[in-house]
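Below is one structure, written out as structure tokens; comments come after it.
The values are calculated or read from the model by the stated rules, or taken from the named source; none is laboratory data. Note that the coordinates shown come from a computational prediction; the quantities given were computed from them, not determined experimentally. Counting neighbours? That spans all protein chains shown, and the Cβs are built from the backbone with ideal geometry, glycine included. All accessible areas refer to the heavy atoms of the entire protein, side chains included, with ligands and DNA or RNA removed. Shrake-Rupley method; radii C 1.70, N 1.55, O 1.52, S 1.80 Å.
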Amino acid sequence: MTTTDPSPTPALPSLRLARERFLSGEPLPGGVPEEVVAAWRRARFFGVPHNLNAPAACAERPAESALLTAARPVLDRIVPALDADALLVLTDERLRVLWTAGRVPGVAPCPVLAEQEVGHNSAALALRTRRRAEVHGPEHFLDRWQDVSAVSVPVLSPDSGQVLGTLTVAAHLCATRAPHSRAALAEAAAAAIETELRARSGRAEQALLDAYLRASRGRDRAVAALDGHSRLINEAAQRLLTPEVLDALERTAVHARRAEVSGPAEEPEGPSGRTTASGTGPSPLPVPVALPMSTPTPTPTLTPTPTPTPTLTPLALSLPLPLPEGAGCTAQVTPLRLDGTVVGIVAVLEPLGDQAPVVPDPPAAAVALTGSSLPWRHAVGRAVELARSPEPLLLAGERGTGKSALARELLGPGPVQEADAAQDPGLEHALRARQTGRPLLLRHAERLAQPGVAALNSLLDARPDTPLLVTYTPGAPAGPCLQRLLDMLSARTVTLPPLRERAEDLRELLPALAPRPAPGRPPLTWTLDALQALEQYPWPGNVTELAHVVRAVAEHRRMSGPVRRAELPDAVREGPAARPLSPMEHAERTTILEALRRHGGNKARAAAALGIGRATLYRKLRGYRG
């Protein structure tokens, strides 16, 4: 059995003999690794028969899995390059098999890899140790795996760091055993899946930022938006928040998200009198929110109202949050939904009646308008000019450039109907709920289906002065109907520049994107070396990716003073590759850089940990630079 740092183990024949003696109850020969013997003993303790053909009790495979949804595009790219005698397996955190591809002759697929069911294996070891693990031939307990070598890598959550599952590559037993010949493939695939998970989690952070900007409109609104990881607090709210109130809001955000994952459940009353309400009803996504409080009072439950599209819960749906005594303010809390799941809360604070009203400072410019570079000022100025007339307007640009945030700023604080073509590609809900005279914000027009494009073209043909603002991310070639819509709006189209073309705006964006520091702590600042690295990075995810990096650095740093270059993510710290990389190359590069960091820059040790030769490591690094 080997992990990231392989250690010498007995030759296969002697290990086979040791296993046979263990199964027959005879004394074991010397030199058998204690961890292998302990694994065999655990299998015997769990009652796993060594000649098992299939697990006696198989855990039911989940109907939906966020991990599988994120992993499937990565796995689909790997399968065509998979060797004929290799097996690729993805499991969840309970080691239930979610997906398999390929085959190892003579080895039947297994629906669960938990040690309690099938004994020692690399997936169970990787889950337990949170690192790459290998198990070869007779190290397995089952007879059916005596001629199999397997390497497994844990897949970690980009937000919490928890193990979400494992990725395993199995093949016929190798003569060299360790490291596994396909270890680099498993590492790169797991890293690519984590990259995909990180990209998807960025949508929730963008939704939190969008909701915060919408709720913060107005000079006298005190707003805080939280998701348990990030917090956005404006100046007016900062004047009202005490550490106790902020703690209550943080716990409410965490409980709201957990309620979506675990479903409604009654929890026992805690020592401070806190209770957790459980909701009932036919809603497939319950929204019971545990509201922390200092004294036992009835806990309200937040129940969703039917909405035409399953996007964000409207801010009108809010309930009071009981706050600690002496808080000096009240809080109206709204759960924030994305794709039908609670991703955070938005709280609007009001001072108590017997206190002087809050006199806020002049509000800072919204993130959507931040920037003084010539390309950005020209684009925003052109958009503001076109938005003065009631005719349709199209905002185009790469993913994460701020199209939706700018659109909401242009539409102002009045009522707006919002439609998302990613959720409603045919626009059935949006057009059915259409209210004459109310502006319509259509996001992700590139995701429109042909019926939706046709309906929108018909609407514009009949009423060309419809107050409509559309966001569009170029990508795949547009179909005939969508191209007609784009041609119709070409004269009123504004293309937002990507962040790499306005790098001089980065120093203005950093303070606007940084979370509000805790009371008594200084705001986030950056060394010149860190700023240089940030300005040189190409930011393929644009402002959304920058916001994610800033918040991640602010939350995870354990030191004071300006942020240094060493605290930045590997890809940002090391600088961009000299040529565009494919998703697999990007994931492989990230894995190699992480291995180099973990081994202090020692390329020989990093190559051994990755299961590749040192010459291969040098060649790959040169390829990324060239």
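Things to note:
- On full extension, the segment bounded by T525 and T341 gains 62.9 nm, given 0.36 nm per residue less the C-alpha separation.
- Accessible surface ranking for S201, S181, 1.4 angstrom probe, highest first: S181, S201.
- As a calculated quantity, the FRET efficiency between D487 and R128 at R0 = 41 Å, using C-beta atoms, amounts to about 0.10.
- Stretching R217 away from Q450 to a fully extended chain increases their span by 80.3 nm, per 0.36 nm per residue minus the current alpha-carbon distance.
- For peptides 224-232, 236-244, sequence by mean Cβ density within 10 Å, most packed first: 224-232, 236-244
- Rough spin-label spacing in nm, given labels placed 7 Å along Cα→Cβ, for E34 and R77: 4.4 nm
- Accessible surface of D220, taken over heavy atoms with a 1.4 Å probe and every protein chain present, rounds to 120 Å².
- Potential extension, E594-T242 segment - 0.36 nm per residue separation minus Cα distance: 122.8 nm
- Estimated distance in nm for a label pair at E504 and R622, the labels positioned 7 Å out from Cα along Cα-to-Cβ: 4.0 nm
- Modelled label positions at F45 and H172, each set 7 Å beyond Cα in the direction of Cβ, lie 3.6 nm from each other.
- Computed FRET value (nearest 0.05) for A422 with A566, which takes r as the C-beta separation and R₀ as 30 Å: 0.20
- Rounded percent of accessible protein surface that carbon and sulfur make up, the range 373-498, 1.4 Å probe: 54 percent
- The residues packed around T493, meaning those with a beta-carbon under 11 Å from its beta-carbon, carry a net charge of +1 if Lys and Arg are +1 and Asp and Glu are -1.
- Simple Cβ-charge dipole of the range 450-558, Lys/Arg +1 and Asp/Glu -1, about Cα centre, in debye nearest 20: 380 debye
- Solvent-accessible heavy-atom area per residue, rounded to whole Å², over the range 395-534 at 1.4 Å: 47 Å²
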